[in-house]
Amino acid sequence: MLMRDVLIHRIHKGMREDEKIFLLTADMGAPALDRLLVEFPDRCINVGIAEQNLVSVATGLSLEGFTVFAYGIAPFITMRAYDQTRVGLSLLSHLRALNVILLGVGVGFSYEVSGPTHHCVEDLTIMRLLPNMAVCSPGDGATVEAFYEFALTEPGPKYLRLDAKPAPAIYESISEVDFRRGFHEFPGSGDACIVSTGYPTQRALRLREEMEREGVRIGVVDMFLLQPMDDAALAKVLYKYRRIFSFEESFIGKGGLDALVSNVLRRFGVPATLESFGLSGGYVFENGGREHLYRVYGMDDESILGRLRSVPSPPFRIPA
């Protein structure tokens, strides 16, 4: 299913049970969303193509005691409305209780054919920078459902990154997701581990299967809550490996997932090397779809498999 539809279904159910839940949209349409607009015309509001106003209205409603989901296209709800988010949510939440959940759909390359204006590859860095801002980057629908429960009970502003493409299941049910821990490990028995977030986790698990066919088990860590997170628990997991690969649809060396992992390795003295897969250089303007963009940036399957196969120490083999 689309992550968006999983979340809107949960919000729909929640709005029937709790009159304090609002959903605001910046002129975004979807069949699931249209049903909310009809059923809850007083609490489901289209503010138009005005993301700055979307965040400001959401902040005002939250200050009156409402839980507000604010829905828009990811690069615009983050970057176009960054000043309103910084002042109205991050800064104000130091002083007042509020619960605003920014929903950004189309993160990474998921609006692949729309070009770099609609690719959202900077948001991990800029949203993690904000104090008090929870940042969630799910890889499937079960993780989105777990985030919804977290969003209702945890105070403060939050940003949820939603891929625009249908996502296969990573977890069979919400019960498998320990959301407050911030990550889930698919353990390996070799020296290498991929730490990924969002859609790249889907690809990391596919690469893990390919390596298993070659007789090597690698670890995969799905990072779905990048802020706040249990740094010590992540360090304990990574301590088992000698080579860590971070994998993200965002610029590397700019404060994204690779910076998070690097800080954990440094702070806890984890004796592992870190290699990063993500965007380096600048923007790509030619249209070739998501696979083409992965090849351009050297983050396609063969490039990553080549690095995984080059693990210098002999890996543990899967018993025959």
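For the stretch 283-291, indicate whether the set of residues that are small (Gly, Ala, Ser), in contact with a helix residue (DSSP H, G or I) (Cβ under 9 Å, 6 or more places away or on another chain) and surrounded by 15 or more Cβ atoms within 10 Å (Cβ to Cβ) is non-empty. No. Beta carbons closer than 6 Å, at least 6 apart along the sequence or on distinct chains, pair a first residue in the stretch 112-134 that is in contact (Cβ under 8 Å) with a residue 60 or more places away in the chain and closer than 26 Å to Thr59 by Cα with a second that is charged (D, E, K, R) and surrounded by 15 or more Cβ atoms within 10 Å (Cβ to Cβ) for Thr125/Lys254; Ala134/Lys158.
In this entry, Gly215 passes the filter for residues that are surrounded by fewer than 19 Cβ atoms within 10 Å (Cβ to Cβ), of a type in the set (Gly, Ala, Ser), touching a strand residue (DSSP E or B) at 6+ places or on another chain (Cβ under 8 Å) and in contact (Cβ under 8 Å) with a residue 40 or more places away in the chain. If the condition is being more than 19 Å from the chain's Cα centre (by Cα) and in a helix (DSSP H, G or I), then the stretch 52-79 contributes Gln52, Asn53, Leu54, Val55, Ser56, Val57, Ala58, Thr59, Gly60, Leu61, Ser62, Leu63.
Output the number of residues of the stretch 265-292 satisfying the condition of being at pLDDT below 95 and of a type in the set (A, V, I, L, M, F, W, C). The number of residues fulfilling the criteria is 2. Of the strands (runs of 3 or more DSSP E) lying entirely inside the stretch 140-204, those containing at least 1 residues that are in contact (Cβ under 8 Å) with a residue 60 or more places away in the chain and either more than 24 Å from Phe277 (Cβ to Cβ) or over 15 Å from the mean Cα position of the chain (by Cα) (or both) span 192-196. Filtering Ala26, Ala58, Ala32 for residues that are closer than 26 Å to Asp163 by Cβ, aliphatic (A, V, I, L, M) and without any contact (Cβ under 8 Å) to a residue 40 or more places away in the chain leaves a single hit, Ala32.
For Leu36, are the conditions met, namely being at pLDDT below 95, in the same structural domain as Leu129 (by TED's automatic domain parsing) and hydrophobic (A, V, I, L, M, F, W, C)?
In short, yes.
Screening the candidates Phe316, Phe247 for the property of being at pLDDT below 95, under 20 Å from Glu209 (Cα atoms) and in contact with a Ser or Thr (Cβ under 6 Å, 6 or more places away or on another chain) yields one hit, Phe316. Of all the listed residues (Tyr241, Tyr297, Tyr283), the sole one being among the hydroxyl-bearing types (Ser, Thr, Tyr), free of Cβ contacts under 8 Å to residues at least 24 places away in the same chain and farther than 20 Å from Ala134 by Cβ is Tyr297.
Please count how many residues of the stretch 117-131 are in a loop (DSSP other than H, G, I, E, B) and closer than 15 Å to Gly278 by Cβ.
Adding up the residues that qualify gives 3.
For the stretch 70-81, does any single residue satisfy the condition of being in contact with a Gly (Cβ under 8 Å, 6 or more places away or on another chain), hydroxyl-bearing (Ser, Thr, Tyr) and either closer than 28 Å to Pro168 by Cβ or without any contact (Cβ under 8 Å) to a residue 40 or more places away in the chain (or both)? Yes, that holds for at least one residue. Of all the listed residues (Leu234, Leu226), the sole one being in contact with a strand residue (DSSP E or B) (Cβ under 8 Å, 6 or more places away or on another chain), buried (at least 23 other Cβ atoms within 10 Å of the Cβ) and over 26 Å from His119 (Cβ atoms) is Leu234.
Looking at Leu265, Leu257, Leu226, which is the one that is under 21 Å from Arg206 (Cα atoms) and in contact with a helix residue (DSSP H, G or I) (Cβ under 8 Å, 6 or more places away or on another chain)? Quick ask: steps written out before the conclusion?
Numbers: Leu265 fails: under 21 Å from Arg206 (Cα atoms); Leu226 fails: under 21 Å from Arg206 (Cα atoms).
Residue meeting the stated conditions: Leu257.
I'd like to know if the stretch 43-57 contains one or more residues that are surrounded by fewer than 20 Cβ atoms within 10 Å (Cβ to Cβ), acidic (Asp, Glu) and assigned by TED's automatic domain parsing to the domain that holds Asp140. No, the conditions are met nowhere in the stretch 43-57.
Look at Gly88 and say whether it is touching a Lys or Arg at 6+ places or on another chain (Cβ under 8 Å) and either surrounded by 15 or more Cβ atoms within 10 Å (Cβ to Cβ) or outside any helix (DSSP H, G or I) (or both). Considered against the rule, which asks whether it is touching a Lys or Arg at 6+ places or on another chain (Cβ under 8 Å) and either surrounded by 15 or more Cβ atoms within 10 Å (Cβ to Cβ) or outside any helix (DSSP H, G or I) (or both), Gly88 comes out as no.
Counting the residues of the stretch 253-283 that are in contact with a strand residue (DSSP E or B) (Cβ under 9 Å, 6 or more places away or on another chain) and of a type in the set (Phe, Trp, Tyr) gives 1.
The values are calculated or read from the model by the stated rules, or taken from the named source; none is laboratory data. The structure presented is a predicted model; accordingly, all values stated were derived computationally and were not measured. Counting neighbours? That spans all protein chains shown, and the Cβs are built from the backbone with ideal geometry, glycine included.
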